[in-house]
Protein chains: 2
Amino acid sequence: MVERDQAAPPADQLAAMDLTDAVQNHAFSDRVLIRSIVGRPDGGAGLAGQRVRAAGWVRTGREQGKGTFAFLELNDGSCPANLQVIVDAGVAVLSKLVATGTCVVVDGILKVPPEGTRQRIELRVEKVVHIGEVDPAKYPIPKTKLTLEFLRDHLHLRSRTNTIAAIARIRNALAFATHSFFQEHHFLYVHTPILTTSDCEGAGEMFQVTTLISEAEKLEKELIKNPPPSEADIEAARQLVSERGEAVKQLKAAKASKADIAASVAELNKAKESLSKLEERSKLKPGIPQKDGKIDYTQDFFARQAFLTVSGQLQVETYACAVSNVYTFGPTFRAEHSHTSRHLAEFWMVEPEIAFADLQDDMSCAEAYVKYMCKWLLEKCLDDMEFMAKNYDKGCIDRLRMVASTPFVRISYTEAVELLEEAVRGGKKFENEVEWGIDLASEHERYLTEVKFQKPVIVYNYPKGIKAFYMRLNDDLKTVAAMDVLVPKVGELIGGSQREERYDVIRERITEMGLPLEPYEWYLDLRRYGTVKHCGFGLGFERMILFATGIDNIRDVIPFPRYPGRADL
Amino acid sequence: MVERDQAAPPADQLAAMDLTDAVQNHAFSDRVLIRSIVGRPDGGAGLAGQRVRAAGWVRTGREQGKGTFAFLELNDGSCPANLQVIVDAGVAVLSKLVATGTCVVVDGILKVPPEGTRQRIELRVEKVVHIGEVDPAKYPIPKTKLTLEFLRDHLHLRSRTNTIAAIARIRNALAFATHSFFQEHHFLYVHTPILTTSDCEGAGEMFQVTTLISEAEKLEKELIKNPPPSEADIEAARQLVSERGEAVKQLKAAKASKADIAASVAELNKAKESLSKLEERSKLKPGIPQKDGKIDYTQDFFARQAFLTVSGQLQVETYACAVSNVYTFGPTFRAEHSHTSRHLAEFWMVEPEIAFADLQDDMSCAEAYVKYMCKWLLEKCLDDMEFMAKNYDKGCIDRLRMVASTPFVRISYTEAVELLEEAVRGGKKFENEVEWGIDLASEHERYLTEVKFQKPVIVYNYPKGIKAFYMRLNDDLKTVAAMDVLVPKVGELIGGSQREERYDVIRERITEMGLPLEPYEWYLDLRRYGTVKHCGFGLGFERMILFATGIDNIRDVIPFPRYPGRADL
């Protein structure tokens, strides 16, 4: 038995086994994923003769042979390649099948197509199980070449295009690569909060989250339906209380029976209660609750002002200072009125944080992580990368290979400025002047990584004046242990730093920057009690996708882009 | 060479190799993870004689032998077990090391402790590299047994406790298990939006996101600094325009030189410009912008009202109807004023969506996913599960084993109601009356899964009146193809349904439920064009953690809980 199991099965059995495998991988449906057929190394040829159920949406379809049969290019999103499907007129009404966007489920036999065709396998349909029709005259995204800009107005349908589907698969691959990388290195995934009351990083760019407006609207409607009591109503209720009080007094004075007094007291209490209800209601005012001329946030959902997070870093540090190696991967928000191709109001960030580690470790982690993602795409998404190379950026695969295999250059900020000054002396023109102390502009960053070194560059030790208070002050007292990873095509991909772990120094830095201490007390506690050397960085996830795919506009690499004036669906 | 490499190395070399491996797994730091030592099958005994750098926080410490040495129980969060560390008085000031919460980095030699001790290995310190001191008199979470409720007031430090750290590792494991499960089954991870303008599901329970308040506050400050022009200012500017206009007219009438006329026109234009600026500023009004007595949302960041998502389902359906198998895993929000141990204002949901699949497939997917997570914890988190079993819920490991290995019971809602009615006849008391048509209460659900079947139960085909419009209407026209997965300890863990894919039917259902059609037009498009049978479900991630750990309060299984009145950090 053992020997038989180990022996190679005959060819037809092999095909059968492969298909069983394919069916097992079909993801809770009775159809086979198209990638299980055309994604095989043999292009599916080895499956010839097998009966399968396939399903997907028609990318292109045409009737042929004077309407005796139809060719359909079927795609189910499992891979960029289509399955070629042939339907005879006897099997179905062909005109219902051929429109782009039509959904079909078909049973048939896989066959090797005639010599000279591109496909290695095609499906001869025996039965059409389902048709989800499309009226091509009304379909918002018909076959004709559509621009990415046009597709942004049809967010709910654009994932049916080859480009947006390929980006979705690449995005998925990068997300899972991210988790795999950090899990392999024993980092814990920590969900930092989306709603935050730490308004540290400049409330100006933060979205506010509130229930005050909807509560006010609810109250307004309620008050219209059921107006608050008038002064006269309240006066009448007050009068009643005093009358009832008088009645109790008189009964007591008259030494009435206990039962009579109790009944009278009950009446009094009822009157008091209804007075207090009226008084309560008379206080209700339409509009957002105010106190001392300001909005009264004690009445908001969290009893204080709340915002959407701009970064999970400060919060995730609480976990790094407890369980050593952690990372976040979640949405972050900026209420910037910025209409560029590089900014979104809602975007995803990856933020690892490492205890017992310094800036050098931080750079090593960042480099290893970026390389890992590049290798992952080359190994697991090559077909999608080839699609991007063919249609959007012919250098994108080479760029991944280069980054995956080349050690990143590491230069100090001071060296970087010297190199830029040298370039200026050599005739290079920058829009932004170069001198020690400036924040490097995108043009400077791209010069370093694309022109000077032509590979990824890590710039570290920035002037403290242009960086955040939590970055560790270097011994020169002029620079902080910050680092940025610059890559060709997008410039800055990662920003990170060693965190200031010395209580006195960070306290001084907060004060020096004119920030209040009180909101940072919890953050200072991490330094007060059991402080530890630690570092971390942030990677803008959409930037990584731009880098990988060569797509130009960030609005095309996130499924549902949010930017000033737009938040469809 | 090849043979030598393949031969088993001698025992001491093996130990050395293991440690190299441990150092490689140290996650970008020069210390070894404690799990690489004490987490080995031999408890670390095989590493005796090795020199290592270890780091972590002191769980308990005590001076011994009249102050000649100290024992430290060191934990770095990489596993629940501590490393026992012994420091001689000659190496460091022992009193600085022993306080709970102290951070230490030490170099030393691993030794097998004397017979009769619990540890299989201990670290004899040769050098103390770092001490992050703690003043035990001030430390908010000293050693004494602390309640989970108390710890909620110290969110930034509570991950330093064994319980919260164990929950963090279990949460991390379940998150990665989730991704691994769906990736293995070829589902694409799709990031559905957090900010949404689809106010479909009842705006009452949604958080509103706005920049109107902060913009109004900014404007208010600006107007105080720089008051708007008075009517007199504007009148003066108007006067100037008319004078300058007159001057131009006169020059033209007098046939003055072109240069003179041009100069005069320039003056006029300047005056016009400054008038229009003044007029613009005079329109600025403090407060939230209004139009027709209502808030003018065209001036909000997204030019319309925006909310935090309550579910990514509707949006992720757009991807399912394009790339077949997808899932979301992200934060969702409810502005409910609910103070129970089961509700949060911000919580994480997993929502797969499957094309070409029906309710049976949906149930199969849900069952496979829950079983997969249970197995994952048993395989990869057994030490943490043992901690939970010992300290919180002695049945939690058995529960995972049972769920991982037992086929889930599947009964229709009608059958479920019959079983409950039978129980009532048998003397069982429920607070909520049982009759066909009710939404099952938690007590009913728990009776079915904990008492009647004592295993997971899937209830399907619910009355349409108690379910959402998007659930597929069954042929009986009374029920919809919905399903809930009930498990012991938490009751409902998953809710899902086959989605209504028939355009006419879903349109009718929307209208029938009194909902407006317009906001659903994009959702209807999925049925208008290439419609497909599909289904999906949602799993409340924190509920899964409650189920796994046996923890009672949901506020303890998310790092930063948000609920009415509280959103710390």
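The values are calculated or read from the model by the stated rules, or taken from the named source; none is laboratory data. The shown structure was predicted, so the numbers you read here are calculated from the model rather than taken from an experiment. Here Cβ is always computed from backbone atoms with ideal geometry, including for glycine, and neighbour counts include all displayed protein chains. Surface areas here come from the heavy atoms of the whole protein model, side chains and all, with no ligands, DNA or RNA. Shrake-Rupley method; radii C 1.70, N 1.55, O 1.52, S 1.80 Å.
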Per residue Cα convex hull volume in Å³ - calculated over chain B = 319
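For region A:350-439, just run the numbers: alpha carbon Rg, then divide by 2.2 N^0.38 Å, N being how many residues it has. Before the final figure, lay out each step's value.
On the way: Rg = 17.7 Å, N = 90, 2.2 N^0.38 = 12.2 Å.
Relative to the rule-of-thumb radius for its length, region A:350-439 sits at 1.45.
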Report Rg(Cα)/(2.2 N^0.38 Å) for region B:512-569, keeping two decimals.
-> 1.86
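On average, how many beta carbons from a partner chain sit within 10 Å of the beta carbon of a residue in A:175-184?
Working: counts 7, 7, 0, 1, 8, 4, 0, 3, 6, 2.
What the average comes to for A:175-184 is 4.
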Return the whole-Å distance between the Cα centroid of region A:427-447 and the Cα centroid of region A:537-556.
-> 22
Considering only the label points, 7 Å along Cα→Cβ from Cα, what distances in nm to one decimal separate B:MET513 from the same position in each other copy, shortest first?
-> 4.7
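With solvent modelled as a 1.4 Å probe, how much accessible area in total do chains B and A shield from it at their shared surface, in Å² to the nearest 100? Present the calculation step by step, with values, prior to reporting the outcome.
Details: alone 29570 and 29570 Å², together 49090 Å².
Interface area, both chains combined: 10000 Å², rounded to the nearest 100.
Using the Cα centre of region A:447-528 as the reference point, and only Cβ charges (+1 on K/R, -1 on D/E), how large is the resulting charge dipole? Debye, rounded to the nearest 20.
Values: 13 positive and 13 negative charges, 61 e Å.
Dipole size: approximately 300 debye.
Please give the average number of partner chain Cβ atoms lying within 10 Å of the Cβ of each residue in B:521-531, rounded to a whole number.
On the way: counts 1, 6, 2, 1, 6, 3, 1, 7, 18, 16, 7.
Going residue by residue through B:521-531 and averaging, the value is 6.
What is the percent carbon and sulfur in the accessible area of region A:37-172, measuring with a 1.4 Å probe over the protein chains and ignoring ligands?
Working: 2950 of 5730 Å².
Exposed carbon and sulfur together represent 51 percent of the surface.
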To the nearest 20 debye, what is the magnitude of the charge dipole of region B:303-391 about its Cα centre, counting +1 on the Cβ of each Lys and Arg and -1 on the Cβ of each Asp and Glu?
-> 280
Rounded to the nearest 500, what is the protein assembly as shown's calculated 222 nm mean residue ellipticity when only DSSP H runs of at least 4 contribute -39500 (n - 2.57) each, over all residues?
-> -11500 deg cm²/dmol
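Once Rh is set to the Kirkwood radius over Cα pairs, what Stokes-Einstein translational diffusion coefficient, in µm²/s, holds for region A:269-329 at a temperature of 4 °C and a viscosity of 1.567 mPa s?
After rounding, the answer is 80 µm²/s.
Roll a 1.4 angstrom probe over the protein heavy atoms and tell me the percent of accessible area of region A:335-425 that is carbon or sulfur.
On the way: 1890 of 3730 Å².
Accessible surface attributable to carbon and sulfur in region A:335-425 totals 51 percent.
Given a 1.4 angstrom probe, what's the average accessible area per residue across chain B, in square angstrom? Don't skip to the answer; put the middle values down first.
On the way: 24550 Å² over 569 residues.
I get 43 Å² per residue for chain B.
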Report, for the protein assembly as shown, the % of DSSP beta bridges that are antiparallel, rounded to 5.
-> 90
extent check for region B:249-393: Cα max minus min per principal axis, descending, whole Å, gives 101, 40, 34
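Assign unit charges at the C-beta atoms only (+1 for Lys and Arg, -1 for Asp and Glu), then state the dipole size of region B:212-350 relative to its Cα centre in Debye, rounded to the nearest 20. The partial results should precede the final answer.
Details: 20 positive and 20 negative charges, 88 e Å.
Value, rounded to 20: 420 debye.
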Name the residues of region A:304-321 whose accessible area falls by at least 20 Å² when all protein chains are present instead of the chain alone, probe 1.4 Å?
-> A:ARG304, A:LEU308, A:GLN315, A:THR318, A:TYR319, A:CYS321
Mean separation of Cα contacts under 8 Å, 6 or more apart, over the residue count of chain A: relative contact order % = 12
Could you work out how far the C-alpha centroid of region A:310-341 sits from that of region B:25-69, in angstrom?
-> 31
Rounded to whole Hz and in sequence order, give me ³J(HN,Hα) for region A:373-384 from the Karplus expression 6.51 cos²θ - 1.76 cosθ + 1.60, θ = phi - 60°, writing x for Gly and Pro.
-> 5, 4, 4, 4, 5, 5, 7, 10, 10, 4, 5, 5
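Evaluate peptide A:74-80: per residue, the Cβ atoms of other protein chains within 10 Å of its Cβ; return the mean as an integer. List each step's numbers first, then the result.
Details: counts 0, 3, 6, 11, 5, 2, 0.
The shielding value for this peptide is 4.
Assign one of three labels to region A:403-453, namely rounded, prolate or oblate, based on the Cα gyration tensor with a ≥ b ≥ c the square roots of its eigenvalues; rounded applies when a/c is under 1.5, prolate when it is not and a/b is larger than b/c, and oblate otherwise. Let's see the in-between values first.
Numbers: a/c = 1.95, a/b = 1.63, b/c = 1.20.
It is prolate, given that a/c is not under 1.5 and a/b is the larger ratio.
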Can you list, shortest first in nanometers, how far B:HIS343 lies from the same residue in the other copies, with each label 7 Å from Cα toward Cβ?
-> 3.8
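Specify, per residue and in Å³, the volume enclosed by the convex hull of the alpha carbon atoms belonging to the protein assembly as shown. Could the numbers behind the result be given before it?
Details: hull volume 344.0 nm³, N = 1138.
It comes to 302 Å³ per residue, whole-number rounded.
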Across the identical copies, how the A:ALA262 labels are spaced - nm, sorted shortest first, 7 Å along Cα→Cβ = 10.4
In terms of the charge dipole of region A:79-230, which places +1 on Lys and Arg and -1 on Asp and Glu at the beta carbon, the residue among A:SER159, A:LEU97, A:GLY132 farthest towards the positive end is A:LEU97
